[in-house]
Structures are given as structure tokens and as C-alpha cells.
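Single-structure report; data block below.
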Amino acid sequence: MGDVEEVIRRLRRGTERIDAATPADRDRSVDALRAFAILGVVLGHWLVTALVADGGRLRTSSPLAHMPWLAPISWVFQTLAVFFLVGGHVATKSYASARSRGTTYGRWLGTRLSRLFKPVAAVLGLWTVATVGLLVTGADLKTVHALLKLVLSPLWFLLVFAALTAVTPLVTRVNPLWPLAVVLHVDLVRFGFGGPAWLGWVNVAAGWLVPYTLGAAWTRGELTRRSGWVLLAGGAAVTAGLVAWGGYPASMVGVPGASVSNLNPPTLAVVTFGLAQCGLALLLRERLRAAMRRPVLWAWVAFVNLSAMTIFLWHQTALMSVTATGLLAGRLPGLHTTPDDLAWVAFRLAWLPVFALALAVCWAAFRSYEQGHRRNGRRTRTRTSTSTSTSTSTRRPSRVVRTHRVAVEANEARRA
């Protein structure tokens, strides 16, 4: 009992240090929204992605294909618009801050892109080795293709986000109505006049530019509480109309076998749905700020933000590792079976903690690829400050240097 109490005390002290090391002027609601967006994507994939064992082969399926009435689940966990909203807000603030410090555009962009793509190298390296191993041992080609698609398909998000980050100086003043108009006209040509399907890929840039430019408007102080209500009500009403009378799918994620996907490429429905989500996010800011004053909640949000890329890049690998390992025990319900009834849903919910444990193992193994630059930067700044203080005085190191490592990382995450 005493050991448990000691662990609790240490955890409490750790959360209090993280809270104390966070700058007083930091808008914690932004971090909360980003954490919500990342966890929404992860849970969404874990709930709607099924790897069905069919003989000696694994194939992908989805409960939404067999039970389309579960489409509202996708409305909760399809949170990419919120991530692009926060990304646009943070990037425009970061670029303005860099300019005020005299940092060049090239150096600013290089720093931000390295934070995106350095962790990708570990994923690509591991799966290159795994793919070669699977092929050499005679694994079914369709199985290998299904696994690689699950791992690599989420990377489109990083490419789009990187492209939008690169054009941040150009889009800081773009009105979100302009890219929204592009999406509207693309869908009108595709679905209304029978235009070519490839035209929809224009919406990959234009569709996600809508919430990104909303984030820039947020930075400029143009989004009020009234704006939040307009976005929420207007976006929800238009989305409902498009689904009810426009022929758009109700699911806001891709469904295997469906003739039209709202997400791949983005349609007008998913963009207007994203506007509703952005409106809700803006309306929840004050409540999130209040909630984040609790040290325990803030510590968890800070952890997710510090590990966002690791969590995003490895969550599908965690799912597949559990699925592959489970095959040793046979065809397990909710893991290898066809997702065609509520029993599968119940079993899948029971598997979520196992997926989370596998993700924790991936995080422990690969988090250095994401957080290494923070530690390196901290060591450089510590050496610089130590050298300066030695030549001028014998001041003690700053409180940040003396703070627990995790707390320091939470402080430095403000530039992420």
C-alpha cells in the first residue's frame, strides 16, 4: 500500500511540475484541441478498420460497410478539420514570431518540416524491412498490400500539411471562402456535370486549406464566439442537406467498396462538416482553458502533444501487430472476424486497451525520433546560457533547466 501511495505522490508532483513549467500566457485550449484531433483519428481508425482473416490471407474491411447505420461514429472521430484549424493557427503565429526575431523563412520552414518528417524515417525503415521479410517468407501479396496500405495511406495527411505549412506566408490573408468556392465548383463539375473523377484531387489542397485559413483568421483575431455559432450551425445544416438530398455518403470516412468517398478525395460534404467541427472547437475554447487548469488533465494533454507524431505514425502498426500476434491463438472475434454485427463492435471495444498497450511499446521504442530535436535544442541552449553566465557571473541555472525533463519538454512544446 505504501508503494502505491508513493507512486501517486510522485505522479502528483510530476503533474504539478509540468503545470508550473508551462508559460502563463500559453493558450492551453489550443493544445487540448490538437490532442483531441490526434486521438480522434487514432480511435477512429481502430474502430472502423478491420483486418479479416480469410484463409491464409488478411483483407481490410469496415463495420461501416456492413452496418451503414453506424455512420454517426465517423462524425465523432473524423477530426482532421480541427487539426488543420489548429495547424493554421499555430503556423501563422509561429511564422510571425520568427519574423519578429529575424529568422529567415527557410530556417523556419526547415525546422517545422523536420519535426514532421524525421519520425517518418523510422516508420518507413521498419516497414521496408518487414515487407522484405514478408515477401521472402512467402507471404500472400494481397496481405502485404493490405498491410502497407494501412501504414502508408495516413501519410498523405503529412504531405498535405507540409505543403500548407510551406505556403503559410501566402495564405495568412486568404479568405476561407475562396478555397471553399473551389471545392464547391469541383464537386459541381464532378457530380453535377459528369466531369472526370481525377478532378476531385484538387480538393485535397483546397478542402484542407479551408480550416487552415480559418486558423490564420483565428490568429488575426477575426473569429469571435458568434463566428463559432455561424460555423457550427451553417456547416451542420449544409452537411445535412448534402447527405439528405445531394447524394453524398453519410460516413465522413472512406468505406471499402463504396462508389463515393467523402474523404478520399475530400468532398464538399466533408469540408462543410469540418466547418461545423471548427465552429464547435471555437465555442469550446473557454471551457477547455478552464479544464486545462487542472494539472492532471494538462499533463496528459502535454504528453499527447509532445508525442503527437509518434502516436499518429505508429497507431496502425500497433493495430496490425496485435492482429498478427493474435493469429497465433486462432481466429479471434473483433480482431480477425468479419465486422458485420454488434457483437464484433463489442469485441472491438474490448481490444482497444490492447491496441493502446501495443502503441505504448511503439512509443517507448521510437519517441526519440520525434523528441530528440527538443533534447538537442535544450542541450545547446543550456551550454550557451552556462557559457554566458560563467563569463559574467555565477548565477545558478534557470528554473527551466532545473525542472524535471518532462516538464521542460512541455514548456518547449509551445514552439511545436
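The values are calculated or read from the model by the stated rules, or taken from the named source; none is laboratory data. Small disclaimer: the values here were computed from a predicted structure and weren't measured. So basically every Cβ, Gly included, is an ideal-geometry build from the backbone, and we count neighbours across all protein chains shown. The protein model used for the area step is the full one, side chains on, heavy atoms only, and it has no ligands, DNA or RNA in it. Shrake-Rupley method; radii C 1.70, N 1.55, O 1.52, S 1.80 Å.
Being buried (at least 24 other Cβ atoms within 10 Å of the Cβ), out of contact with any Gly (no Cβ under 8 Å at 6 or more places or on another chain) and of a type in the set (S, T, N, Q) is the filter here; which residues of region 248-280 pass it?
Of everything in region 248-280, just one residue is buried (at least 24 other Cβ atoms within 10 Å of the Cβ), out of contact with any Gly (no Cβ under 8 Å at 6 or more places or on another chain) and of a type in the set (S, T, N, Q), namely Ser251.
What residue, among those in region 176-218 that are surrounded by 14 or more Cβ atoms within 10 Å (Cβ to Cβ) and of a type in the set (Gly, Ala, Ser), is nearest to Leu268 (Cα to Cα)?
Gly207
Name the residue that is most open to solvent (accessible area, probe 1.4 Å), counting only residues in region 67-99 that are more than 26 Å from Arg34 (Cα to Cα) and either touching a residue at least 12 places away in the same chain (Cβ under 8 Å) or assigned to a strand (DSSP E or B) (or both). Spell out how you get there, then give the answer.
First pass over region 67-99, keeping only residues more than 26 Å from Arg34 (Cα to Cα): 67-69.
Adding the requirement that they be either touching a residue at least 12 places away in the same chain (Cβ under 8 Å) or assigned to a strand (DSSP E or B) (or both) leaves 67-68.
Details: Met67: 8, Pro68: 87 Å².
Checking each candidate, the answer is Pro68.
Could you pull out the residue among Ala240, Ala250 that is touching a Pro at 6+ places or on another chain (Cβ under 9 Å) and among the small types (Gly, Ala, Ser)? Walk me through how you get there before you give the answer.
Details: Ala240 fails: touching a Pro at 6+ places or on another chain (Cβ under 9 Å).
The unique qualifying residue is Ala250.
Restricting attention to region 125-151, report how many residues are exposed (fewer than 14 other Cβ atoms within 10 Å of the Cβ) and closer than 24 Å to Glu370 by Cβ.
The number of residues fulfilling the criteria is 4.
Test Ala290 against the criterion of being at pLDDT below 90 and open to solvent by 30 Å² or more (accessible area, probe 1.4 Å), and give yes or no.
Numbers: at pLDDT below 90: no; open to solvent by 30 Å² or more (accessible area, probe 1.4 Å): yes.
Answer is no for this residue.
Scan region 307-334 for residues that are of a type in the set (A, V, I, L, M, F, W, C) and in contact with a Lys or Arg (Cβ under 8 Å, 6 or more places away or on another chain) and jot them down. If you could, list the steps in order and put the result at the bottom.
Filtering region 307-334 down to residues of a type in the set (A, V, I, L, M, F, W, C) leaves 308-309, 311-314, 318-320, 322, 324, 327-329, 332.
Within region 307-334, Ala308, Met309 meet the criteria.
If Leu51 satisfies every condition in (1) open to solvent by less than 10 Å² (accessible area, probe 1.4 Å); (2) over 24 Å from Leu342 (Cα atoms) but one, which is the exception?
For Leu51, the failing item is (2).
Restricting attention to region 320-335, which residues are open to solvent by 60 Å² or more (accessible area, probe 1.4 Å) and either hydrophobic (A, V, I, L, M, F, W, C) or touching a Leu at 6+ places or on another chain (Cβ under 8 Å) (or both)?
Let us first name the residues in region 320-335 that are open to solvent by 60 Å² or more (accessible area, probe 1.4 Å), namely 325, 327-329, 331.
Listed by number, the residues that qualify are Leu327, Leu328, Ala329.
Looking at (1) more than 30 Å from Arg10 (Cβ to Cβ); (2) assigned to a helix (DSSP H, G or I); (3) among the hydroxyl-bearing types (Ser, Thr, Tyr), find the lone condition where Thr337 falls short.
(2)
Can you confirm whether region 134-142 contains a residue that is more than 30 Å from Gly55 (Cα to Cα) and hydroxyl-bearing (Ser, Thr, Tyr)? Outline the logic, then answer.
At the first step, the residues of region 134-142 found to be more than 30 Å from Gly55 (Cα to Cα) are none.
No, every residue in region 134-142 fails to be more than 30 Å from Gly55 (Cα to Cα) and hydroxyl-bearing (Ser, Thr, Tyr).
Looking only at helices (runs of 4 or more DSSP H) that fall completely inside region 100-189, which ones have 1 or more residues that are within 26 Å of Met309 (Cα to Cα)? Please lay out each step first, then the result.
Numbers: elements: 105-136, 141-152, 155-166, 168-171, 177-187.
Filter on region 100-189 gives 105-136, 141-152, 155-166, 168-171.
Only residues that are among the small types (Gly, Ala, Ser) and under 18 Å from Leu275 (Cα atoms): list them for region 247-260, please. Spell out how you get there, then give the answer.
The first filter runs over region 247-260 and keeps only residues among the small types (Gly, Ala, Ser), leaving 247, 250-251, 254, 257-259.
Those that are among the small types (Gly, Ala, Ser) and under 18 Å from Leu275 (Cα atoms): Ala250, Ser251.
Looking at region 59-66, can you tell me whether even one residue there is in a helix (DSSP H, G or I), at pLDDT below 95, open to solvent by 10 Å² or more (accessible area, probe 1.4 Å) and within 21 Å of Val304 (Cβ to Cβ)?
no
From the list Gly207, Gly257, pick out the single residue that is assigned to a helix (DSSP H, G or I) and either among the charged types (D, E, K, R) or touching a residue at least 12 places away in the same chain (Cβ under 8 Å) (or both).
Going through Gly207, Gly257 in turn, just one is assigned to a helix (DSSP H, G or I) and either among the charged types (D, E, K, R) or touching a residue at least 12 places away in the same chain (Cβ under 8 Å) (or both): Gly207.
Please go through region 333-385 and give me each residue that is at pLDDT below 85 and small (Gly, Ala, Ser), ordered by number.
Gly372, Gly377, Ser385
Can you confirm whether region 143-157 contains a residue that is among the aliphatic types (A, V, I, L, M) and closer than 21 Å to Gly88 by Cβ? Don't jump to the end; show me each part of the working.
Filtering region 143-157 for residues among the aliphatic types (A, V, I, L, M) gives 144, 146-148, 150-152, 155.
After this cut, where a residue has to be closer than 21 Å to Gly88 by Cβ as well, the list is 155.
Yes: region 143-157 contains one or more residues that are among the aliphatic types (A, V, I, L, M) and closer than 21 Å to Gly88 by Cβ.
Here is a list of conditions, (1) open to solvent by less than 60 Å² (accessible area, probe 1.4 Å); (2) under 30 Å from Gly14 (Cα atoms); (3) among the aliphatic types (A, V, I, L, M), and Ala364 meets all of them except one; can you say which number that is?
That leaves (1) as the condition not met.
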